[in-house]
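Contents: one structure, followed by commentary.
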Amino acid sequence: MRIGLLPLDERPVNTRLPQQVGAVAGAVVSLPPEHLLSARKRPADTAALTRWLEGAPVGEQPADALVVSLDMLGFGGLIASRTSNDPAASVLGRWETLRRVRRGSPGCAIHGVSLVTRAPNSYDSDEEPDYWQEIGADLHRLGGALHRDYLDERDGLLESASELRGRLPGHAVDDFTRRRLRNHTVNLAALSLACDKILDTLLITADDTAERSAGSLEQHWLAHWRDVLAGAGENVLMHPGADEVATVLVARTVLAALRGEPLRIAVVCAVPGGLDRVAPYENVPLGVGARGHIRATGSVPVEPDGADLVLVVHPPDKAGGDWAHRHPEVRRADDADVKATAEAVASYLGRGAAVAVADCAYPNGSDPALLEALSQRLPLASLAGYAGWNTAGNTLGSVIAQGALFAASRQAGTFDAAAHRRLLLHRLVEDGAYMADARGRALAAFTDRTRHSTLPSDLVQPVTNWIAGNLADSPASFPGFEGWTVAASSVRLPWQRTFELDFELTAPDGK
């Protein structure tokens, strides 16, 4: 099966990860030439991407389906959607490409994703307008205040929306609100693409949000229209997430080709009340988010008995912590929550189930205590999937996608064991060895920073070399992957910051 992918941006989680997951089931995921995509704050060549998209279903190796980031097609990428001044009419004009593809290739499935614009609680302008470095966290609070005003919630301890507006620069607030209006307008238009059956599936997702925020309020309005519009229904889905969505939609596409009925996935958490916890940067309980990602793959949530895949969720640590900002106080492997999760994984594996692990204990990296506890009980190579990166939504979506294709392709006879093994180790190395360990040590060795941000240009290569050296033999620390290494020459920092990493693995046979 061939899938054409127009990614959210050029980072590996949006380009390479969907390819890695598709490969587990023997699917080929093709992307536009790299030079046509965005380059951080430089928008993509949308005219060239339009031509690529229209040709994908009719080329020498035609795509059977398309997975399309509406932000990339309409704005030129994720960051462009937050920073560009393109009017809504221009964005919607680019989306007309999808109508032409539908008319010209009616048999090609089209799955789309559009993001609700975030308003992060930070003063980091790396991915935001320049004024974010001065008042970003204040704008985040403004969004929360507007949401509370809408709900008629009163909290005398928090600034009101009018108080915040009164002390913030008018030009920045005006830009913030107008840009949100434009992006909300195009998200409403995305619903029309679904209603008109131009899109077979539409995911409207949100990252880096909160229970009371500008994005959460906009999701409420979008959900209202989704629920009342004829033709939207079950093929328009909303839940937390962003960078994992293309991977989820690749899994949805492949599962539809492999099976005549939905895959059955059970969500298990051995920690009492764990699925009711709301993870940092999200606005719904963990269990609600997990079920949303399951439905987004076209699967159905069920009880463990009779499930094709058991997803064991390691819930957020109540003590808090974040591997990219405020490092957590790591628990011991015999901590009650850690022990309960590890024993649940071992128990379901012992019953012959396909088991995947969603490590949501901390944002932006694994729980080292969980990896230690799992390593004491089982070969990690026996898992159907593992993830522990960025937000809980990123983790849940990507591991559900891998686990679902692991289970379905083994049943269908298209399973690529080597591709699965390589992907599983990639996540263990990136989420565990790098995000929860080497990344922080690299910052400490070369900078005075404790959180990720863009590196000075003269430090990019020295930091990259240091990371490569420290990760080289890290695969051997994961039981079942002895003899694997990280190829030193392959390590790179895609956005010249330590937040994300790209690398290649070398198997014991040198491949």
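The values are calculated or read from the model by the stated rules, or taken from the named source; none is laboratory data. This structure is a prediction, so every number in the text was calculated from the model and none was measured. Cβ atoms come from the backbone with ideal geometry, glycine included; neighbour counts cover every protein chain shown.
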So the check is Cβ under 7 Å with 6+ separation or different chains; which pairs have a first residue in region 475-500 that's free of Cβ contacts under 8 Å to residues at least 40 places away in the same chain and a second one that's part of a loop (DSSP other than H, G, I, E, B) and surrounded by fewer than 18 Cβ atoms within 10 Å (Cβ to Cβ)?
ALA476/GLU482; GLY483/PRO508; THR485/ALA472; THR485/ASP473; ALA487/GLU504; ALA488/ALA472; SER490/GLU504
Search result, residues across region 222-279 that are within 23 Å of ASP208 (Cβ to Cβ) and among the hydroxyl-bearing types (Ser, Thr, Tyr)
THR247
Please state which one of VAL399, VAL429 is in contact with a strand residue (DSSP E or B) (Cβ under 6 Å, 6 or more places away or on another chain) and either hydrophobic (A, V, I, L, M, F, W, C) or at pLDDT 95 or above (or both).
VAL399
Quick one: which strands (runs of 3 or more DSSP E) sit completely within region 280-378 and have at least 3 residues that are farther than 13 Å from CYS269 by Cα, in contact (Cβ under 8 Å) with a residue 40 or more places away in the chain and not assigned by TED's automatic domain parsing to the domain that holds ALA210?
none
Out of curiosity, is ASP431 touching a residue at least 40 places away in the same chain (Cβ under 8 Å), surrounded by 20 or more Cβ atoms within 10 Å (Cβ to Cβ), under 26 Å from ASP322 (Cβ atoms) and not hydroxyl-bearing (Ser, Thr, Tyr)?
yes
Can you find a residue in region 56-75 that is among the aromatic types (Phe, Trp, Tyr), within 26 Å of ALA189 (Cα to Cα), over 17 Å from the mean Cα position of the chain (by Cα) and surrounded by fewer than 24 Cβ atoms within 10 Å (Cβ to Cβ)?
no
